[in-house]
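The values are calculated or read from the model by the stated rules, or taken from the named source; none is laboratory data. The model shown is predicted, which means the values in this text are computed figures rather than measured ones. Methodologically, a virtual Cβ is constructed for each residue, glycine included, from the backbone with ideal geometry; neighbour enumeration extends over all protein chains shown.
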Amino acid sequence: MKIREIAEKLFLELGQQDIVAGSREERESLEKIRGIFEELQLPVETYSFQCSSWREKHVSLHLHDHELKAVAMPNSPSGSVEAKAVYVGERILREEFLGLDLSGKIAVVKMYRKIDEISWQYLRAVERGAEAVIFVDPYPDRRRRIVIVPSVDYTFSVGSPPPVPVASVSLEDGLKLVQAANRGEKISLEIGTEADNSATTGAVAAGDLEGPIFTAHIDKWLSGFTDNVLGLGIVLALAEKYRENAGFIVFGSEEYGAPGYSPWYWIWGSRSFVSRLDERDRLSELGLIINFDTLGGQNISLSASGVDLLSGLRKILGDSYRYTPDQVIFDSFSFTMHGHPALTIHTFEDTLPIYHTDKDVPGNVDWQKIEEAVQLAEIIATNYMKNKWKMLHYTVLIEKVKEKAMKLKDIKEASELIDFLEKIKIENEKQAHYIRRELTRPIFAGTYGEVFEDPVVSYPYLLEAIEDLLSLTQSLMDNTTEESKLKALVKTVPGWETKIYDLRILVDKNAGEELRYLTRQLATVYLAETRKVFEKVASVAL
């Protein structure tokens with residue numbers, strides 16, 4: 001199996017340009033993949049879904065008579081602006097922008113260190129009157145695309161388009177713009193883009209979907225070798241090896257595509273695929289999902305959908321790798337949201353310097369680590385072929401809930417839940433699937449636009465949130481609370497946009513005893529909600 005040969009050949013064939021959700025290039029690429037599967041004599045099924053599409057037509061950035069190389073940020077509208085540049089720096093908080101007059105100006109902004117959060121910088125600059133925004137990359141000699149959504153949440157529903165043009169430049173060109181801003185000089189930016197909110201994306205499924213199933217996404221920004229030509233090449237290499245003994249799915253619209261400028265714009269192709277199968281009551285027919293994305297770095301991570309799968313993976317692979325709950329940025333999360341076992345093998349943190357840039361090319365990857373990652377996937381797949389769902393440790397689903405309840409044992413309902421769980425046994429994947437689906441959610445700790453951290457996929461999410469709040473409440477009573485921990489006073493389920501709790505006002509009032517009381521009340525409610533899930537498992541033949 002010549003993974004490097006296949007991946008590099010695919011990179012040349014797909015080119016170093018964007019393959020955007022809903023574009024002609026994406027459709028042609030999916031059709032090419034379908035043809036490869038058919039040549040391997042695999043059964044193939046194609047799925048189509050409506051999506052949003054966006055593309056850059058042209059960008060022109062001039063400083064005096066010199067043209068600087070820039071790329072439009074996805075979702076940028078068309079527009080032409082000539083104005084004085086104002087260097088904003090790495091500001092991101094609203095209070096950091098107070099007093100800054102950007103009216104009629106072009107804001108030059110250093111990308112925030114957590115690059116996927118720069119929409120907040122854009123939003124703040126627009127609030128202060130900026131006519132256009134230019135982001136400066138933290139690394140030299142590269143241009144980067146990051147989708148811009150001027151929203152104050154991460155809802156699955158529709159949002160609003162960015163109101164002013166936005167582009168990005170390399171670090172060295174950014175320094176030229178900063179110097180121009182310091183001299184009070186004008187720059188000119190012209191962007192031409194095209195958006196289509198009724199485009200079509202898709203997915204191609206082949207082989208035996210009872211699994212194991214190897215998956216990857218096909219769309220990309222700019223050169224996109226690690227994200228995700230390489231993952232696609234691995235899936236094709238595995239298809240050549242396993243043929244009808246495994247399943248293979250290639251998704252469009254991972255980077256972008258949710259209709260209507262949705263704040264949760266990513267993993268749209270896999271979300272649509274999973275929803276389609278769920279509506280047809282076919283999701284349970286699928287085997288274990290093994291997804292590949294952003295490989296190429298040295299530190300291999302396995303991000304998996306449930307504590308039962310994570311426990312099984314540790315037993316199979318040992319402790320030499322980094323294991324985390326699934327992450328919302330990967331296609332595996334589309335399955336996790338529905339309770340289906342899935343994992344992504346990745347080196348995401350290592351690839352950040354080239355993430356979504358024109359420097360994401362084959363010469364920047366560690367081929368030895370790529371081979372190792374594929375070997376891990378094959379070990380997992382072989383174990384699944386032999387043991388099916390028995391490779392998952394279902395008892396951990398109960399033990400994890402008991403562990404959280406034990407920390408609340410001074411509450412009557414917690415003790416009752418522990419006693420009840422002693423009588424429960426999870427006997428099949430259908431029961432485990434239901435428990436995961438009901439009790440797994442991403443949790444965002446803090447207030448959007450003030451805290452810039454990733455949501456953590458949690459199980460059992462309600463009790464995990466209460467555990468954090470009880471700890472914080474005690475710290476507040478003891479006057480030992482660190483300022484950074486106060487973010488635990490707000491916990492939200494992003495996407496669903498439901499508040500687990502928001503108790504900030506009580507801290508503002510220094511109402512420690514009231515906070516303790518409300519915390520216990522919330523714990524009582526959430527213990528009861530968690531128990532209901534297991535009561536259904538115990539009483540109904542799922």
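Here is how the numbers come out for the structure above:
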read-out: The listed residue being crowded, with 20+ Cβ neighbours inside 10 Å and either in a loop (DSSP other than H, G, I, E, B) or in contact (Cβ under 8 Å) with a residue 24 or more places away in the chain (or both), out of Ile443, Ile424, Ile435; value: Ile435
read-out: Where a residue in the range 299-318 is farther than 12 Å from Leu397 by Cβ and modelled with pLDDT of 95 or more and its partner, wherever it lies, is basic (Lys, Arg) and in a loop (DSSP other than H, G, I, E, B), with Cβ under 6 Å and at least six apart; value: none
read-out: Val164 closer than 29 Å to Asp65 by Cα, in a helix (DSSP H, G or I), not assigned by TED's automatic domain parsing to the domain that holds Tyr265 and not hydroxyl-bearing (Ser, Thr, Tyr); value: no
read-out: Selected residue (only one of Tyr265, Tyr261 is more than 27 Å from Ala381 (Cα to Cα), touching a residue at least 12 places away in the same chain (Cβ under 8 Å) and buried (at least 24 other Cβ atoms within 10 Å of the Cβ)); value: Tyr265
read-out: Residues satisfying the stated conditions in the range 242-281, i.e. touching a helix residue (DSSP H, G or I) at 6+ places or on another chain (Cβ under 8 Å) and hydrophobic (A, V, I, L, M, F, W, C); value: Ala246, Phe248, Ile249, Val250, Phe251, Ala258, Ile267, Phe273, Val274, Leu277
read-out: Residue within the range 178-192 that is of a type in the set (Val, Ile, Thr) and touching a helix residue (DSSP H, G or I) at 6+ places or on another chain (Cβ under 9 Å) present; value: yes
read-out: Members of the range 348-401 that are surrounded by fewer than 16 Cβ atoms within 10 Å (Cβ to Cβ) and among the small types (Gly, Ala, Ser); value: Gly363
read-out: From the options Ala258, Ala237, residue that is under 26 Å from Gln17 (Cα atoms), more than 16 Å from the chain's Cα centre (by Cα) and of a type outside the set (S, T, N, Q); value: Ala237
read-out: Subset of the range 91-105 (residues that are under 28 Å from the mean Cα position of the chain (by Cα) and over 25 Å from Thr447 (Cα atoms)); value: none
read-out: Selected residue [closer than 30 Å to Gly297 by Cβ and among the charged types (D, E, K, R)] from Lys400, Lys425; value: Lys400
read-out: Search result, residues across the range 341-360 that are under 24 Å from Phe214 (Cα atoms) and assigned to a loop (DSSP other than H, G, I, E, B); value: Pro341, Thr347, Tyr355, His356, Asp360
read-out: Which numbered condition Thr200 misses (of (1) in contact with a Ser or Thr (Cβ under 9 Å, 6 or more places away or on another chain); (2) modelled with pLDDT under 95); value: (2)
read-out: Ser320 being crowded, with 24+ Cβ neighbours inside 10 Å, of a type in the set (S, T, N, Q), out of contact with any His (no Cβ under 7 Å at 6 or more places or on another chain) and on the phi < 0 side of the Ramachandran plot; value: no
read-out: Residue in the range 329-336 that is modelled with pLDDT under 95 and either in contact with a helix residue (DSSP H, G or I) (Cβ under 8 Å, 6 or more places away or on another chain) or not in a helix (DSSP H, G or I) (or both) present; value: no
read-out: Scan of the range 323-343 for residues that are surrounded by fewer than 24 Cβ atoms within 10 Å (Cβ to Cβ), at negative phi and touching a residue at least 40 places away in the same chain (Cβ under 8 Å), ordered by number; value: Pro325, Gln327, Val328, Ile329, His338
read-out: Complete set of residues in the range 390-427 that are at pLDDT below 95 and not assigned by TED's automatic domain parsing to the domain that holds Thr519; value: none
read-out: Hey, Lys404 in a helix (DSSP H, G or I), farther than 20 Å from Thr215 by Cβ, touching a Leu at 6+ places or on another chain (Cβ under 7 Å) and touching a residue at least 24 places away in the same chain (Cβ under 8 Å) or not; value: yes
read-out: Answer from Ala195, Ala181 - the residue that is in contact (Cβ under 8 Å) with a residue 24 or more places away in the chain, in contact with a Phe, Trp or Tyr (Cβ under 7 Å, 6 or more places away or on another chain) and in a strand (DSSP E or B); value: Ala195
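A quick yes/no check of all residues on (1) out of contact with any Phe, Trp or Tyr (no Cβ under 6 Å at 6 or more places or on another chain); (2) farther than 30 Å from Lys491 by Cβ; (3) without any contact (Cβ under 8 Å) to a residue 60 or more places away in the chain:
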residue	(1), (2), (3)
Val108	no, yes, no
Tyr122	yes, no, yes
Val126	yes, no, yes
Val147	no, no, no
Thr155	yes, no, no
